[in-house]
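Structure first, commentary second.
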Amino acid sequence: MDENAVRCYIEAGKIASRVKQYIKPKIKPYVSLLEICKLVEYEINSQGGIPAFPCNICVNEVAAHYTATPNDNKVIPPGGLVKVDIGVHIEGFIVDTAFTVNLSPADRALVMAAEDALRKAISRVVFGFKLEDFGNTVEPEVRLRGFKIVRNLTGHEISRFNLHAGLSVPNVSNSGIRHTIKRAVVLALEPFVTYAHGAGEVVETQNYTIFKLNKRIKGAPDLYAKFRGMPFCERWLESPLESSPMALDSLYRFPVLIEKFRVPVAQAEETVLVLPDKTIVLT
């Protein structure tokens with residue numbers, strides 16, 4: 001990995017960290033989800049970064065892939081468990097980070113389980129690390145506290161202009177993933193945790209708010225060139241997606257994911273850069 005890539009990853013991580021700290025105190029009851037998303041994305045741009053994907057803001061049993069729609073009227077509910085997932089890139093070098101705010105004290109232990117398990121596991125991620133050992137650290141820590149890992153959500157490798165680049169990082173024990181880190185790599189590490197009475201599994205809904213175009217479509221707005229194949233949302237477009245049926249044909253839609261038994265989910269996420277001589281927690 002060359003010096004420019006490392007520099008860009010570090011700077012993107014600094015921006016993501018600052019935005020994360022800025023936005024946390026603003027997660028309060030009755031605040032508009034649209035307002036939060038716009039504010040996160042504005043702050044990223046104002047600090048010299050570019051959003052790598054639309055700000056995700058997922059409440060209670062919603063685990064991932066929800067961003068505010070152009071006329072969204074949803075607000076943060078009193079007592080909600082609110083996950084905010086932020087992506088920043090500089091020259092296509094992406095970082096991905098998320099945090100959970102518990103507006104009910106009853107959910108604090110769940111949030112801490114996700115945060116502490118992530119922190120413990122990250123401390124062991126070094127060159128030569130076996131990816132399965134991440135889950136072998138995370139899941140026992142979560143179970144020890146009486147909670148359950150969401151088993152079908154994983155961390156992921158990141159490469160330039162590619163948020164999900166190939167490697168998956170398990171959050172469960174004995175995953176069978178035998179890959180050993182033998183090259184410089186960027187990993188987004190993200191345990192999702194739910195209550196013991198939850199299914200420990202997410203399912204897809206028929207709700208879609210985030211999209212991706214994997215190739216250029218002749219005769220359609222060049223959304224691929226605009227977003228470089230990375231995720232986007234309708235809030236970022238000058239005209240509705242429905243106005244471009246050719247683009248719709250080749251569009252990938254990210255389904256909103258919810259806990260199977262509708263039980264609240266907490267998430268913690270950081271991006272790390274693993275180099276032969278050191279591991280840098282970027283976010």
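Here is how the numbers come out for the structure above:
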item: Cα→Cβ-extended label distance, 7 Å offset, between residue 21 and residue 280, nm; result: 1.8
item: Shape of the stretch 76-181, Cα gyration tensor, a/c cut at 1.5; result: oblate
item: Among 197, 179, 164, residue whose mean-square fluctuation peaks in a GNM of the chain (springs only between Cα atoms under 10 Å); result: 197
item: Sequence-distant residues sharing a close amide H with residue 64 (under 5 Å, placed H); result: 257
item: Order of 40, 274 under a 10 Å beta carbon neighbour criterion, fewest first; result: 274, 40
item: Per-residue HN-Hα couplings for the stretch 103-111 [Karplus 6.51, -1.76, 1.60; θ = phi - 60°; Hz; x = Gly/Pro]; result: 8, 10, x, 5, 9, 4, 5, 5, 4
item: Per-residue Cβ neighbour rank within 10 angstrom, fewest leading, 75, 185; result: 75, 185
item: Efficiency of FRET between residue 3 and residue 145 - r from beta-carbon atoms, R0 51 angstrom, step 0.05; result: 0.80
item: For 50, 15, order by how many other beta-carbon atoms lie within 10 Å, fewest first; result: 50, 15
item: Estimated vicinal HN-Hα couplings, Hz - the stretch 267-279 in sequence order (Karplus 6.51, -1.76, 1.60; Gly, Pro = x); result: 9, 10, 8, 9, 10, 10, 10, 9, 10, x, 9, 6, 10
item: The stretch 109-166 versus the stretch 22-85: alpha-carbon centroid distance in Å; result: 23
item: GNM top mover of 71, 56, 136 - the chain, alpha-carbon springs below 10 Å; result: 71
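Computed from the coordinates by the stated procedures, all read-outs in this text should not be read as laboratory data. In this text the structure is predicted, and so the values were computed from the model without any measurement. As a convention, Cβ positions derive from the backbone with ideal geometry for all residues, glycine included, and neighbour counts pool all protein chains shown.
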